[in-house]
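A quick write-up on the structure given underneath.
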Amino acid sequence: MEIVGRVADVEKLVREARADGRTVGLVATMGCLHEGHLTLLRTARAAHGLVVASIFVNPLQFGPGEDYAVYPRDLDRDAGLAAGAGCDVLFAPPVAEMYPQGLDSMLTYVTVRDITDRLCGASRPGHFRGMATVVAKLFNIVAPDVAYFGQKDAQQVVVVRRMAADLNMNVRIVAVPTVREADGLALSSRNMYLNPAERQAALVLSRALGLAAARLKAGRRDAAAIRKAMGDLVVGEPLAACEYVAVCDPVTLRELDRVEGPALVALAVRIGKTRLIDNLLWEG
Ligand code: AMP
């Protein structure tokens with residue numbers, strides 16, 4: 001595996017692989033790799049001659065008061081894990097390589113409207129603009145055939161798909177199912193912020209989704225009643241503060257009245273200072 005920090009170097013490696021007839025898979029991450037990220041990498045490995053992973057804690061997608069400064073960074077550890085999962089090129093640029101003019105002088109952003117105001121977008125203004133902008137840059141730098149994203153960040157998948165379609169980006173977006181701990185907690189780099197009591201309390205997210213799934217399987221279609229039951233369950237956990245519960249259309253992210261077809265059931269919960277998200281995609 002090659003570790004590169006310069007755009008020109010990753011472009012060269014991709015060009016060489018393409019000249020050999022290899023296809024390119026991209027996994028974009030913020031590092032602090034765990035089994036979720038590694039599953040994306042292994043999925044890409046099985047399908048492509050060249051697997052590129054990026055590690056970039058993107059300042060543009062963090063709001064004031066969010067955890068940009070303290071987000072865990074350990075390139076040596078991540079490099080070992082990425083190599084073990086079959087990564088060929090690890091692109092870990094410094095901030096100045098991605099934003100050479102400086103963040104305050106940026107003139108160009110990718111703004112996806114409407115769907116970015118919903119769910120997580122409601123409490124994280126600017127987050128999806130920052131995410132879409134950096135993902136567009138990574139798509140332009142790496143020019144992957146396929147980019148792999150975790151279903152864990154369901155809204156990210158929806159926004160990236162829409163951006164790629166609207167802007168005719170020549171990349172296929174593949175969503176990979178959420179990887180969980182044995183007790184149901186979705187893996188997240190932010191889980192390491194949790195103390196033992198909070199780690200236990202964090203199970204409220206997957207329990208709330210389990211409750212929604214049970215209702216839907218039982219044929220109960222009232223979306224408001226599902227949101228209410230999930231919200232009540234979260235309120236019952238003293239260490240948890242519910243930010244939102246959504247039972248929405250999986251493409252428009254508009255809240256549903258009744259679940260008659262596919263639905264995205266999603267929630268964001270603060271456990272102490274840590275904001276966690278989880279979701280399930282109901283196929284209908
Ligand atoms: P992050 O480093 O948090 O930006 O995540 C990088 C990629 O890994 C995103 O596409 C995430 O959706 C994905 N990812 C994070 N956690 C998981 C998980 N538990 N299961 C599957 N994919 C995940």
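The values are calculated or read from the model by the stated rules, or taken from the named source; none is laboratory data. Note that the structure is predicted; figures quoted are calculated from it, not measured. Here the Cβ is made from the backbone with ideal geometry for all residues, glycine too, and neighbour counts use every protein chain on show.
Here's the yes/no breakdown for (1) under 19 Å from the mean Cα position of the chain (by Cα); (2) outside the structural domain of Ala246 (by TED's automatic domain parsing); (3) surrounded by fewer than 18 Cβ atoms within 10 Å (Cβ to Cβ):
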position	(1), (2), (3)
Pro59	yes, yes, yes
Pro64	no, yes, yes
Leu75	no, yes, yes
Ala83	no, yes, yes
Asp104	no, yes, yes
Thr116	yes, yes, no
Pro125	yes, yes, yes
Phe128	yes, yes, no
Lys137	yes, yes, no
>> I'd like the full set of residues that are surrounded by fewer than 23 Cβ atoms within 10 Å (Cβ to Cβ) and in contact (Cβ under 8 Å) with a residue 40 or more places away in the chain, limited to the stretch 198-208.
In response: Glu198, Ala201, Ser206
> What residue, among those in the stretch 13-46 that are more than 16 Å from the ligand (Cβ to nearest atom) and small (Gly, Ala, Ser), is nearest to Asn191 (Cα to Cα)?
Replying inline: Ala17
>> Given the criteria surrounded by fewer than 15 Cβ atoms within 10 Å (Cβ to Cβ) and not assigned by TED's automatic domain parsing to the domain that holds Ala17, does Asp183 qualify?
In response: yes
> Which residues, counting only those in the stretch 1-56, are in a loop (DSSP other than H, G, I, E, B), free of Cβ contacts under 8 Å to residues at least 60 places away in the same chain and exposed (fewer than 15 other Cβ atoms within 10 Å of the Cβ)?
Replying inline: Asp20, Gly21
> So which helices (runs of 4 or more DSSP H) are wholly in the stretch 60-129 and hold at least 1 residues that are of a type in the set (S, T, N, Q)?
Replying inline: 120-123
>> For the stretch 1-54, which positions are among the polar types (S, T, N, Q), in contact with a His (Cβ under 6 Å, 6 or more places away or on another chain) and closer than 21 Å to Thr133 by Cα?
In response: Thr29
> Out of all the residues in the stretch 150-188, which are near the ligand (Cβ under 9 Å from one of its atoms), closer than 18 Å to Glu283 by Cα and of a type outside the set (A, V, I, L, M, F, W, C)?
Replying inline: Gly150, Gln151, Lys152, Asp153, Pro177, Thr178
>> If a residue must be of a type in the set (Gly, Ala, Ser) and more than 14 Å from the ligand (Cβ to nearest atom), how many such residues does the stretch 124-149 contain?
In response: 3
